[in-house]
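Data first, discussion second: the structure below is written as C-alpha cells.
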Amino acid sequence: MRILLIGSGGREHALAWKISQSSLVNKLFIAPGNGGTALCGENVPIKESELTALVKFAIDQKVDLVVPGPELPLVLGICDLMEKAGIPCFGPSQYAAQLEGSKIFAKEVMRDAGVPTADFEIFEDAAKAKAYIQAKGLPLVIKADGLAAGKGVVVARTESEALRAVEQMLEQKIFGDAGNRIVIEEALIGEEASFMAFCAGEEVLPLPSAQDHKPAFDNDTGPNTGGMGAYSPAPVLPDAEIPKVIDLVMRPVLKVMAERGHPFKGILYAGLMMTAAGPKVLEFNTRFGDPECQPLLMRLDADLVPIMLSCAKGSLKGLELPLSELTALCVVAAAKGYPGDYPKGMEISGISEAEALAAPGRVKVFQAGTKAQNGKSVSSGGRILGITALAAGLEEAKALAYQAVAKIRMENMHFRTDIGDKGIKRLKAG
Ligand code: AMP
Ligand code: GLY
C-alpha cells in the first residue's frame with residue numbers, strides 16, 4: 001500500500017512510526033512532515049492547508065489511503081475531496097468535522113443527542129454578551145466558535161477577564177471570522193480526561209483513556225499550550241468506565257450525525273471533565289490528540305493500517321485493538337518562551353542515548369518542531385520533542401520518561417516536571 005500522511009507534529013511522527021511498521025505498507029509519504037517523519041518515510045513539501053496540491057499528489061502517486069493528522073485539512077474538507085477522487089481518507093467529512101471546527105455546531109449536536117455538557121448561551125452581539133456576563137456572575141468560559149489554534153478558549157475568573165475576552169473576540173476580531181460568534185458557558189469543576197475512539201457510522205472501537213497537560217508550567221499554571229505531556233491509561237477514567245462513556249457520549253452523537261445524513265468516520269475525541277455529577281464533554285476533536293497520540297500508539301499492539309483503512313471505508317466489523325497492559329507517558333520538550341515567542345534553530349542531541357535506556361520499544365523520542373540541517377537535528381517550532389516511555393505502571397513510566405529527558409541536550413529547553421502526577425496521586429489515594 002501507498003499512504004499519504006498529512007501534518008508535521010509529534011502526533012504525525014508517532015503515526016508515521018506506527019504506519020511504517022506495517023507489513024502492508026511499501027511507501028509512506030508525509031506532507032509536509034518533520035525531522036522525525038523523515039526517518040519513517042518520504043517528506044513532501046506540501047502544507048496541510050494546500051488541499052488541491054494534496055489531492056493532485058495523492059492521485060499522481062497512486063496513494064491507497066490518506067491519513068490527515070491535524071484538524072485543519074479535515075475542517076477544510078480533505079476527506080470529501082480525496083473520496084471524490086476515489087481515494088479512502090481516514091477522517092470525517094467536512095460536515096462531520098464541524099464537531100471540532102465549530103463549538104456551536106458541537107453544542108447543538110450535544111443538545112440534540114442529550115449528551116452532558118456545560119450549560120451555554122450563544123452570542124454574536126458584544127453588548128448582549130457583556131450583559132449576560134454581568135447578570136450571570138463568574139467564573140465563566142468564553143469560547144470562539146471556530147478554529148483558533150488552541151487559543152480560542154478563555155476560562156475567566158473575574159468579570160474584567162470575561163469582558164475583555166468578549167471584546168477581543170466579537171469587537172477586535174482577534175480570531176477573525178472564527179470569533180464572529182462565541183459560546184459563553186458554565187465553568188465545570190473536575191479533572192480532565194481525553195477519550196478517543198475509532199468510529200464508523202454507529203460502530204465504536206474505543207482506545208484507552210489518556211490525560212493531557214495543557215498549561216505550560218508545573219501544577220497546571222501558566223498559559224494554555226497545545227499540550228505539555230500525556231499518559232495512558234489515565235486513572236481518572238479507568239477501562240471499566242469506558243463502556244459507560246461510550247453509551248453516554250459517543251453513541252448518541254454518532255446517532256445524531258447518522259440521522260442528519262452525515263455519518264461520522266475517523267477518530268472522535270471527547271475532551272471530558274470528570275465532574276462530581278459524572279463526565280461532561282468540554283469539546284470534541286475529530287482526530288487523534290497531540291500529545292495523547294504518542295503514548296496511545298506506544299501501547300497499541302496491532303497494525304494500525306488495516307484499522308484506519310477499514311474505518312475510512314466506513315466499517316469497523318471484525319476489528320480489535322489489542323493493547324499493552326503497560327503505561328505510556330510522554331513528556332513534551334518545548335522551546336523556552338512557548339506558547340509565546342521562542343527561539344528556533346537549537347541543535348538537538350541525545351535522542352539515540354535516550355532510546356537506548358531500556359529494551360527496544362520502551363523509550364521513543366517523537367519529534368515535532370524539528371528539521372535536519374547539515375546532518376544535524378535542529379529545532380524549528382515551539383513543541384520540539386515528545387519523549388515517551390512504556391513501563392509497568394505510571395510511576396515507572398514517569399521515571400523512565402524523565403531519565404530519557406535527561407539524556408536530551410538542547411539549549412533553551414523547557415519541559416514540565418510533573419507529567420503524570422495527578423494520576424499517581426489518584427492511584428495512591430486508591
Ligand atoms: P477546549 O478547547 O474547549 O477543550 O478548551 C480548552 C481547555 O479549556 C480545556 O481543556 C479546559 O481545560 C478548559 N475548559 C474548556 N471549557 C471549560 C469549562 N466549561 N469549564 C472549565 N474548563 C473549561
Ligand atoms: N491534546 C489536545 C488536543 O489534541 O487537542
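Worth a mention:
- Selected residue [away from ligand 1 (no atom under 13 Å from the Cβ) and either open to solvent by less than 10 Å² (accessible area, probe 1.4 Å) or out of contact with any Pro (no Cβ under 6 Å at 6 or more places or on another chain) (or both)] from Gly190, Gly176, Gly150, Gly146: Gly176
- Any pair with Cβ under 9 angstrom, 6 or more apart, that starts in the stretch 396-416 at a residue that is on the phi > 0 side of the Ramachandran plot and ends at one that is open to solvent by less than 30 Å² (accessible area, probe 1.4 Å) and at pLDDT 95 or above: Asn412/Ala335; Asn412/Met346; Asn412/Ser379
- Residue list for the stretch 321-341, restricted to those being open to solvent by 50 Å² or more (accessible area, probe 1.4 Å) and either without any contact (Cβ under 8 Å) to a residue 24 or more places away in the chain or hydroxyl-bearing (Ser, Thr, Tyr) (or both): Pro322, Glu325, Asp341
- Some residue of the stretch 392-408 being among the hydroxyl-bearing types (Ser, Thr, Tyr) and crowded, with 24+ Cβ neighbours inside 10 Å: no
- Checklist (1) touching a Lys or Arg at 6+ places or on another chain (Cβ under 8 Å); (2) open to solvent by less than 20 Å² (accessible area, probe 1.4 Å) applied to Asp290, failing item: (2)
- Filter pass, Lys84 being charged (D, E, K, R) and buried (at least 24 other Cβ atoms within 10 Å of the Cβ): no
- Scanning the stretch 208-232 for residues that are within 16 Å of Asp341 (Cα to Cα) and under 11 Å from the mean Cα position of the chain (by Cα) yields a single hit, Gly226.
- Within the stretch 85-109, the set of residues being over 15 Å from Cys199 (Cβ atoms), out of contact with any Phe, Trp or Tyr (no Cβ under 6 Å at 6 or more places or on another chain) and not in a loop (DSSP other than H, G, I, E, B) comprises Gly101, Lys103, Ile104, Phe105, Glu108.
- One residue alone among Gly266, Gly314 is open to solvent by less than 10 Å² (accessible area, probe 1.4 Å), touching a Lys or Arg at 6+ places or on another chain (Cβ under 8 Å) and more than 16 Å from ligand 1 (Cβ to nearest atom), and that residue is Gly266.
- Against the list (1) open to solvent by 70 Å² or more (accessible area, probe 1.4 Å); (2) among the acidic types (Asp, Glu); (3) more than 25 Å from Thr37 (Cα to Cα), the condition Asp421 fails is (1).
- For the stretch 130-169, filtering for residues that are of a type in the set (S, T, N, Q) and under 18 Å from the mean Cα position of the chain (by Cα) leaves 0.
- The residue list Glu48, Glu71 contains one member that is touching a helix residue (DSSP H, G or I) at 6+ places or on another chain (Cβ under 7 Å), within 16 Å of ligand 1 (Cβ to nearest atom), among the charged types (D, E, K, R) and open to solvent by 10 Å² or more (accessible area, probe 1.4 Å), which is Glu71.
- Within the stretch 128-155, residues that are of a type in the set (D, E, K, R) sit with their Cβ atoms under 6 Å from residues that are outside any loop (DSSP other than H, G, I, E, B) and within 15 Å of ligand 2 (Cβ to nearest atom), at 6+ positions apart or across chains, in these pairs: Lys143/Lys103; Lys143/Val153; Asp145/Lys103.
- Residues located in the stretch 198-212, provided they are within 15 Å of ligand 2 (Cβ to nearest atom) and either among the acidic types (Asp, Glu) or surrounded by fewer than 22 Cβ atoms within 10 Å (Cβ to Cβ) (or both): Asp212
- Residue in the stretch 249-257 that is open to solvent by less than 10 Å² (accessible area, probe 1.4 Å) and either within 16 Å of ligand 2 (Cβ to nearest atom) or among the basic types (Lys, Arg) (or both) present: no
The values are calculated or read from the model by the stated rules, or taken from the named source; none is laboratory data. This one's a predicted model, so the numbers in the text were calculated from it and none came from an experiment. Note that each Cβ is placed from the backbone with ideal geometry, even for glycine, and that neighbours are counted across all protein chains shown. Heavy atoms of the whole protein, side chains included, go into the accessibility calculation; ligands, DNA and RNA do not. Shrake-Rupley method; radii C 1.70, N 1.55, O 1.52, S 1.80 Å.
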